[in-house]
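Worksheet: one structure, shown below.
The values are calculated or read from the model by the stated rules, or taken from the named source; none is laboratory data. These figures come from a predicted structure and were not determined experimentally. Reconstructed Cβ throughout: ideal geometry from the backbone, glycine too, with neighbour counts over all protein chains shown. Note: accessible area is taken over every heavy atom of the protein model, side chains too, but ligands, DNA and RNA are not part of it. Shrake-Rupley method; radii C 1.70, N 1.55, O 1.52, S 1.80 Å.
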Amino acid sequence: MTVEALLKAPFMRNVEVLAGEAGLARDVSNMVPDMELDPDQWIMSGALVLCTGEREESLRTFLDRILQTVPAGILVLGEKNKSRIRDAELAWFEENKLPLLYSDRSGSQYALMRSYVTFASGAQSRINLRAEM
């Protein structure tokens, strides 16, 4: 499923695209909080990375490190994290055609991830049923 398709999911209804609209056709393989990622060790291609604001490195440094892993996009959670994004970073997302999404949701990132898994599983089941017909 693409980032664009995922944005149509009910649990993503309040998510807005801040930059990188040219990359909305990227495939999403999973959803992962940034704190659980170590790009030097692993990251699955197509991950929609939840930006929690808990990383010690700057957003730009983190982005430069994960770009080579071909993420699906970045979803920034909470107004506090959004306020840290500067024009230069927005331009970076545009230049790299990487979707930068924002949700004012300040609840559990794990609840969001559960919603994603449920939605993605249902979508895959519908695809499988169509293929069997």
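Numbers at a glance
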{"quantity": "Heavy atoms of LEU7 accessible to a 1.4 Å probe, total area in Å² rounded to 10", "calculated": "40"}
{"quantity": "Solvent accessible area, Å² - PHE62, 1.4 Å probe, full protein context", "calculated": "10"}
{"quantity": "Calculated FRET efficiency for the pair ALA91/LEU7, C-beta based, R₀ 30 Å, to 0.05", "calculated": "0.85"}
{"quantity": "Three principal axis lengths of the range 1-122 [C-alpha, angstrom, descending]", "calculated": "36, 29, 27"}
